[in-house]
Amino acid sequence: MDGMNPDTPVRHDWKLAEIESLFDLPFMWLLSRAHAVHAANHDPDAVQVSTLLSIKTGGCPEDCAYCPQAQRYHTGVEAQKLMDVKDVLERARAARAAGASRFCMGAAWRGPKDRDIPKVAAMIREVKALGMETCATLGLLGEGHAQQLKDAGLDYYNHNIDTSPDYYGEIIHTREFEDRLDTLEDIRVAGLKTCCGGIVGMGETRAQRAGLLQALANLPEHPQSVPINQLVPVPGTPLADAQKIDPFEFVRTIAVARVVMPKSVVRLSAGRQQMSDEMQALCFFAGAGSIFMGEKLLTTGNPEVEHDHALFRRLDLHPMHLNVDVHEPGTVQADILESCMHVV
Ligand code: SAM
Ligand code: DTB
Ligand code: SF4
């Protein structure tokens, strides 16, 4: 079967039935295959570490059924205005000191207004000057926005398709699936790296999880970064009481993402606070090569940094892409590496 050989070339013509049959493999077979693809294309001991910051929180006009920041749902998230550049920089420095190599700035907008771009561009320039990779997730981009962000030094733009095209209408009504594809195209054309994934555990079927991965894998280029989020159910949102996805089904989703997009970095994204350490270990084995580190995602919780450092130690994992010579004694990064590698 295609996708069963770890040397399978990058493909953009995945059929839904092929992806469904990967999901249907016996669990152990699927995991062995996914790990083989992972090890053939990536260092399986290295995990890319990103930290998120909500630079503009709440009050969003959109109706995404999962989102605590949509104004129309009563979730207790207080709307705040766009942060000041100096406060963002302080948080980026702290994230770098805790071991993050990429800093992701998120805004609860449908999309940025023209007047927002210079301020976000200033944030990007300053964070970049710290030696970190930069990522922004600001919603739908308008004319020229992607290029202006690129010119400011942005490395990645995160824009998720969230779910399969045939389930999308159950989750979001205020913008179309095609609007998202247009923004993804703007990102690609501007030469930014794409971070694009979705959410599982929103009541979709396995076929729809396969449809999400098919839509991602059949983009003109595979996203360099593929965040797979497990729904964080937030009281007040329409999905507050969604049935939790079976943990092994979530691991399967990571494994199939790994096989169909062999060169991409798959991120074990939101939902880690609700996962056991053992489940996360299975996700790393199945091909996850990135996490968000830091006690908060945008508005919801994430594991404690110390807990993640200990998990890395217990699994002999280490953070990827530190921007200084990590072996130079006395640097913050050397201390982090040492702390992560120390066997407890
Ligand atoms: N407003 C912008 C947008 O929608 O593109 C950027 C921020 S938005 C919060 C970024 C992504 O976070 C969403 O596309 C969704 O995939 C993810 N997300 C939001 N709420 C979530 C939740 N409760 N559980 C899991 N993922 C969530
Ligand atoms: C992504 O795919 N997940 C992140 C990031 N990209 C922006 C966001 C997760 C948000 C979880 C809900 C919250 O904390 O508000
Ligand atoms: Fe707004 Fe983004 Fe949340 Fe949708 S996901 S409601 S666009 S902040």
Go through (1) in a loop (DSSP other than H, G, I, E, B); (2) surrounded by fewer than 18 Cβ atoms within 10 Å (Cβ to Cβ); (3) hydrophobic (A, V, I, L, M, F, W, C) for C67 and report which single condition fails. (2)
Output the residues belonging to segment 176-218 that are farther than 27 Å from Q274 by Cβ, open to solvent by less than 20 Å² (accessible area, probe 1.4 Å) and part of a loop (DSSP other than H, G, I, E, B). A190, L192
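Quick one: is R72 crowded, with 20+ Cβ neighbours inside 10 Å and of a type in the set (K, R)? Lay out the reasoning, then the answer.
On the way: crowded, with 20+ Cβ neighbours inside 10 Å: no; of a type in the set (K, R): yes.
When the stated conditions are applied, R72 does not pass them.
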Which pairs have Cβ atoms under 8 Å, sit 6 or more apart or on different chains, and link a residue in segment 64-75 that is touching a residue at least 40 places away in the same chain (Cβ under 8 Å) to one that is outside any loop (DSSP other than H, G, I, E, B) and near ligand 3 (Cβ under 6 Å from one of its atoms)? C64/A70; C67/C60; Q69/C60; A70/C60
Criterion first (within 15 Å of ligand 2 (Cβ to nearest atom), at pLDDT 95 or above and surrounded by fewer than 21 Cβ atoms within 10 Å (Cβ to Cβ)) does G131 satisfy it? no
Run down A242, A281 and say which single residue is among the small types (G, A, S) and away from ligand 3 (no atom under 16 Å from the Cβ). A281
Boolean, V120 is over 17 Å from Q148 (Cα atoms) and open to solvent by less than 70 Å² (accessible area, probe 1.4 Å): no
Checked segment 155-175 for anything within 13 Å of ligand 3 (Cβ to nearest atom) and either in a helix (DSSP H, G or I) or among the hydrophobic types (A, V, I, L, M, F, W, C) (or both); matches are I161, Y168, I171, I172
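Please work out which residue is farthest from the chain's Cα centre (by Cα), limiting yourself to segment 10-24 and to residues that are hydrophobic (A, V, I, L, M, F, W, C) and either under 11 Å from Q214 (Cβ atoms) or part of a helix (DSSP H, G or I) (or both).
Initially, segment 10-24 is screened for residues hydrophobic (A, V, I, L, M, F, W, C), giving 10, 14, 16-17, 19, 22-23.
Adding the requirement that they be either under 11 Å from Q214 (Cβ atoms) or part of a helix (DSSP H, G or I) (or both) leaves 14, 16-17, 19, 22-23.
Working: W14: 22, L16: 23, A17: 26, I19: 21, L22: 22, F23: 21 Å.
Among them, the one singled out is A17.
Look at A288 and say whether it is among the aliphatic types (A, V, I, L, M), under 23 Å from E249 (Cα atoms) and more than 16 Å from ligand 1 (Cβ to nearest atom). Spell out how you get there, then give the answer.
Values: among the aliphatic types (A, V, I, L, M): yes; under 23 Å from E249 (Cα atoms): yes; more than 16 Å from ligand 1 (Cβ to nearest atom): no.
No: the conditions fail for A288.
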Qualifying position, being out of contact with any helix residue (DSSP H, G or I) (no Cβ under 9 Å at 6 or more places or on another chain) and among the small types (G, A, S), among G111, G106, G169, G153: G106
Quick check: anything in segment 90-99 more than 12 Å from L52 (Cα to Cα), open to solvent by 60 Å² or more (accessible area, probe 1.4 Å) and free of Cβ contacts under 8 Å to residues at least 24 places away in the same chain? yes
Determine which member of the set D13, D45 is open to solvent by 40 Å² or more (accessible area, probe 1.4 Å) and touching an Asp or Glu at 6+ places or on another chain (Cβ under 7 Å). D45
Count, please, the residues in segment 200-218 that happen to be in contact with a strand residue (DSSP E or B) (Cβ under 8 Å, 6 or more places away or on another chain) and touching a residue at least 60 places away in the same chain (Cβ under 8 Å). 2
Check off (1) more than 18 Å from K296 (Cβ to Cβ); (2) open to solvent by less than 30 Å² (accessible area, probe 1.4 Å); (3) assigned to a loop (DSSP other than H, G, I, E, B) for L82 and give me the number that stays unchecked. (1)
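The values are calculated or read from the model by the stated rules, or taken from the named source; none is laboratory data. Remember, predicted model here, so these are calculated numbers, not experimental data. Cβ: placed from backbone, ideal geometry, glycine included. Neighbour counts: every protein chain shown. Only protein heavy atoms, including side chains, enter the accessible area calculation; ligands, DNA and RNA are left aside. Shrake-Rupley method; radii C 1.70, N 1.55, O 1.52, S 1.80 Å.
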